[in-house]
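The structure under discussion appears below in the form of structure tokens.
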Amino acid sequence: MARPAALLQFLAPLVVVGWAGWQGVQEYHLRLLPVPAPPLTMPSPAPGTFDGGDIALLFGLGPQAPAGEPVASHDVKAILAARDGQGVALIASAGQQHLYRVGDALPSGAVVRRIEPGRVIIWHARREHILSLAAAPAWLATRAPEEAVPRHLRQGGRP
């Protein structure tokens, strides 16, 4: 007759492996069952709460301020604009001049939104404001005349 300790050493691992296998099968079957999705319900807005102006502000189409706003204390001295609305603008305010890029905050709390040739668009008090560049001097050329550009540069070739 087999000793009980030897039988226990043989059966105990067999029972543990069998139990673990059973748990794995149950877990596998539970993963195959579809999980019911919660019902899709969209909350309806309360009547009369739709404000089209906020949506316009979201897309940058908000009203533009008249010239007499507090941001009129800013004076655009120079602009170096890029085609993508980026660039650098030299803006004077409170007796000081600083270079500003898109996203920079002015001393009044306004934020530079776009830098375009001839103007800087800032965001202040939930509205866009336009800071125009003073009239450019006559000696400042915005584009080189065709005859001033060498022929090899106009055609993209080498000299």
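The values are calculated or read from the model by the stated rules, or taken from the named source; none is laboratory data. Predicted model only: the values in this text are computed from it and were never measured. As a convention, Cβ positions derive from the backbone with ideal geometry for all residues, glycine included, and neighbour counts pool all protein chains shown.
Listed by first and then second residue, the pairs linking a residue in segment 116-129 that is under 19 Å from V88 (Cβ atoms) to a residue that is among the acidic types (D, E) and surrounded by 16 or more Cβ atoms within 10 Å (Cβ to Cβ), with Cβ atoms under 6 Å apart and 6 or more places separating them unless they lie on different chains, are I121/E128.
Please enumerate the residues belonging to segment 77-130 that are small (G, A, S), at pLDDT 85 or above and surrounded by 16 or more Cβ atoms within 10 Å (Cβ to Cβ). Listed by number, the residues that qualify are G87, A89, A110.
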